[in-house]
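Heads up, the thing below is written out as C-alpha cells.
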Amino acid sequence: MKLLIFFFLAVAAHFLFDFSLQSNDVAKKKRRLNKQMLLHGLIMGISSGLIIALYFQSYLVFIQASLFIGITHIIIDAIRVELKRKYLGVDQILHTLAILIVFLYFGI
C-alpha cells in the first residue's frame, strides 16, 4: 500500500509541475533543446525523483530516477512539440509510464 501511495505522489508531483507550476511563457518557449526545455526537464526529473527517492530512501535512487525521468520528459515533450502539440493525452501517459518504469527498475 505504501508503494502505491508513493507512486501516486510521484505522478501527482509530475502533473503539478507539468501543468500548474509551469508558466505559459515557459510552455510556449519550449522548443527542441533550448534553455526552457532543459530547465523544464530538470524540474520534472527532480520533483518526481525526490518522491521516488523518499520511498526507496536512497540518494543514488534520487540521482538515477531524476536523470531518467528528466531525460525521458525532455524527449517526450520534444517529440510532442514536433507533432505540433497534438496527442497531449498520449504524452502524459508516456510520462506516467516513465515513472512506473523507475519504480519497477528499483524493485517493487
**OP:** Can you confirm whether segment 84-96 contains a residue that is modelled with pLDDT under 90, of a type in the set (F, W, Y) and farther than 16 Å from V11 by Cα?
**Re:** yes
Original post:
Out of segment 66-83, which residues are at pLDDT 95 or above and hydrophobic (A, V, I, L, M, F, W, C)?
Top reply: L67, F68, I69, I71
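The values are calculated or read from the model by the stated rules, or taken from the named source; none is laboratory data. Bear in mind the structure is a predicted one, so any value in this text is a computation, not a measurement.
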